[in-house]
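Everything below concerns the one structure shown next.
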Amino acid sequence: MSIKSTVLAALAATTFAMPAIAQDIMVKDPYARSSAMSAKSGAAFMMIENTGDADDRLIAAASPAAEMVQLHTHEEDDMGVMRMIHVEEGFAVPAGETLMLKRGGHHVMFMGLTAPFEQGDMIPLTLTFEEAGEMEIEVPVDLERKPMHGHQHGHSD
Ligand SMILES: [Cu+2]
C-alpha cells in the first residue's frame, strides 16, 4: 500500500508541477446542438488536436447542462440501422493527430438537459483526458450548423 500511495503521490506532484501538459491538447471549433427546442438530449462536436508527442485519450465528459454526459459513437447494426453507442473506454487522440467529433460519428452526448439548448447559449463542458487531465471549455449552441462533409477551412459565417 505504501508503495502504491507513494507512486500516486509522485504522479500527482508531477501533474501539479507541470500544468503545461494540458496545453498539448487543443479544442477547435466546438459547437452543440439538440434536434429540437423541446429535446431532452443534445450533442457536442469539435476537433481535438494533440499537439504533443505523447498519445492521449479522451475518457470522460461532464457538464452541469445535463443529468448525464457520455462519449458516444454511431455504429451500423446488423439491420443497417445507425445506432448510438456509449464508448466507455473513450476516444484515442494519438500524438500529432486530430480527433474529430462530428455528426454521424463520435460525439459528446448530453442526456436529460437541465434547460433546452438555445441558439447562442454557452454550454460549459469539462473534458477529461488520460494524460492531459481535465480541460474546461465553453461550447456555443449552434442549431443552424449544417452537417460537415470533409474538411472545412476558415469561417464563412
Ligand atoms: Cu449520442
If I model a spin label at MET37 and GLU89 as a point 7 Å from the Cα along the Cα→Cβ vector, what separation in nanometres do I get? 4.3 nm
Within a Cβ distance under 13 Å of ALA115, other residues only, what is the Lys/Arg minus Asp/Glu net charge? -2
If all Cα-Cα distances of region 48-109 are sorted into 5 Å bins from 0 onward, what percent lands in each bin, rounded to whole numbers? 4, 18, 22, 21, 18, 10, 5, 1, 0
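FYI, it's all coordinate maths here, none of it is from the lab. Keep in mind that what you see is a predicted model, and the values were worked out from it rather than measured. Quick reminder, even Gly has a Cβ in these numbers, built from the backbone with ideal geometry, and neighbours come from all protein chains shown.
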